Amino acid sequence: MVFNIDRKMKPLVRAIKSKPIKFEVFQKGSFLRSDKHWGTAEVSLAPLEKQAVITTSSEIIGERRARTGGRVTVQVRVARPITESDTGLANRQKAPTVQKQWIRIER
C-alpha cells in the first residue's frame, strides 16, 4: 500500500512516536464459510524517525492475548526519515527494493 504523508504536520510525528501499526491475519474461508481470524500483530513505527527502512518480525497474538506461535515479517519504507534534523545529509539515499517470499504455511 502507498500512503501520502505531510512531513510538516506535528500530529503525524506524535502518532509515529506513540502508536503502533496493527496487522490482522485472516484465513480465507471456502465455499459457504466465512473467513477465520487468526490473530493480530503490532509493529512500532518509532524507528522511522531515524531510519528509512524498518524490517521487523512480530508475533501473532490471538484472542485474549494468547500466543499462536506464528510470526509476521513486515517491511515499512519511506523515501527519507520522518525527522531530518537527527539524520543529516548522509541518510538521504533511496530505500533499496527487495523481493522476498513473505509467507509460508506448512500443513
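The values are calculated or read from the model by the stated rules, or taken from the named source; none is laboratory data. All values derive from a computational prediction rather than experimental measurement. Glycine gets a Cβ as well: all are built from the backbone with ideal geometry, and neighbour counts include every protein chain shown.
Brief remarks on what is shown
- Listed by first and then second residue, the pairs linking a residue in the stretch 30-45 that is free of Cβ contacts under 8 Å to residues at least 12 places away in the same chain to a residue that is surrounded by fewer than 10 Cβ atoms within 10 Å (Cβ to Cβ), with Cβ atoms under 8 Å apart and 6 or more places separating them unless they lie on different chains, are ASP35/LYS28.
- Criterion violated by ILE16 - all others in (1) modelled with pLDDT under 90; (2) surrounded by 10 or more Cβ atoms within 10 Å (Cβ to Cβ); (3) more than 20 Å from VAL2 (Cβ to Cβ) satisfied: (3)
- Every test in (1) aromatic (Phe, Trp, Tyr); (2) surrounded by fewer than 14 Cβ atoms within 10 Å (Cβ to Cβ); (3) under 22 Å from GLN101 (Cα atoms) is passed by PHE3 save one, and that test is (3).
- Test: ILE54 is at pLDDT 80 or above, in contact with a Gly (Cβ under 7 Å, 6 or more places away or on another chain) and among the aliphatic types (A, V, I, L, M): no
- Odd one out for ARG14, checked against (1) assigned to a helix (DSSP H, G or I); (2) in contact with a Ser or Thr (Cβ under 8 Å, 6 or more places away or on another chain): (2)
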